[in-house]
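Engineer: The structure that follows is given in the form of structure tokens.
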Amino acid sequence: MSTIKNPEEKKHLSLKRDRRNRYGENSKSSRKSIQRGKQRRHMDARRTVGEVLGHLKGNVQEDEATEAEFVVKTRVTDSQRRGFKKKPDAPLGVALAAKRERENSKKPQAADKGR
């Protein structure tokens, strides 16, 4: 049972604590989308490494190997920086405010009604 008895405070805490998915897709599909995003990020990292190291054939000089290692590290960190990142759900109050804003922008203006 809740220790908060005041209805106004309950509503305020609900708007602050409750969360809503604002990513733009079905909330149930996030379970699979997050896994796919992580999978794509790892696949991209492996592909990047393969592209750089695929050019090296046979006996490789030490300076070429260190150069390739440096290129791999920089390209992998760059692809990870641009890759998939999870985003937390938004508080309910923020989600409702954005919804109200969208609805108000769709309504015709009062001055336009008289014409």
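Engineer: Looking at segment 45-92 only, could you name the residues that are hydrophobic (A, V, I, L, M, F, W, C) and closer than 27 Å to E25 by Cβ?
Structural biologist: Initial filter on segment 45-92 (hydrophobic (A, V, I, L, M, F, W, C)): 45, 49, 52-53, 56, 60, 65, 68, 70-72, 76, 84, 90, 92.
Selection gives A45, F84, A90, L92.
Engineer: Out of the residues in segment 10-27 that are of a type in the set (S, T, N, Q) and closer than 16 Å to P88 by Cα, state the one that is surrounded by the fewest Cβ atoms within 10 Å (Cβ to Cβ). Spell out how you get there, then give the answer.
Structural biologist: Just the residues of segment 10-27 that are of a type in the set (S, T, N, Q), to begin with: 14, 21, 26-27.
The next check asks that each one be closer than 16 Å to P88 by Cα; those that pass are 21, 26-27.
Values: N21: 16, N26: 9, S27: 11.
Taking the candidates together, the pick is N26.
Engineer: So for segment 73-81 (the condition being over 25 Å from the mean Cα position of the chain (by Cα) and either hydroxyl-bearing (S, T, Y) or more than 30 Å from R17 (Cα to Cα) (or both)), does at least one residue qualify?
Structural biologist: Restricting attention to segment 73-81, the residues satisfying the condition of being over 25 Å from the mean Cα position of the chain (by Cα) are none.
Checked against the condition, which is being over 25 Å from the mean Cα position of the chain (by Cα) and either hydroxyl-bearing (S, T, Y) or more than 30 Å from R17 (Cα to Cα) (or both), segment 73-81 yields no hits at all.
Engineer: For segment 40-63, how many residues are at positive phi and open to solvent by less than 50 Å² (accessible area, probe 1.4 Å)?
Structural biologist: Narrowing segment 40-63 to residues at positive phi: 58.
So of that shortlist, the ones also open to solvent by less than 50 Å² (accessible area, probe 1.4 Å) come out as none.
Of the residues in segment 40-63, 0 are at positive phi and open to solvent by less than 50 Å² (accessible area, probe 1.4 Å).
Engineer: Let me ask you something else. When segment 78-110 is examined, which residues are found to be of a type in the set (D, E), open to solvent by less than 100 Å² (accessible area, probe 1.4 Å) and over 30 Å from M43 (Cα atoms)? Talk me through it step by step, then tell me what you get.
Structural biologist: Step one: filter segment 78-110 for residues of a type in the set (D, E), giving 78, 89, 101, 103.
When the remaining residues are screened for being open to solvent by less than 100 Å² (accessible area, probe 1.4 Å), the result is 78, 89, 103.
Matches in segment 78-110: E103 only.
The values are calculated or read from the model by the stated rules, or taken from the named source; none is laboratory data. All values derive from a computational prediction rather than experimental measurement. FYI the Cβ positions are ideal-geometry reconstructions off the backbone, even for glycines, and counts take in every protein chain you see. Quick note on the areas: whole protein, heavy atoms, side chains included, nothing else; ligands and nucleic acids left out. Shrake-Rupley method; radii C 1.70, N 1.55, O 1.52, S 1.80 Å.
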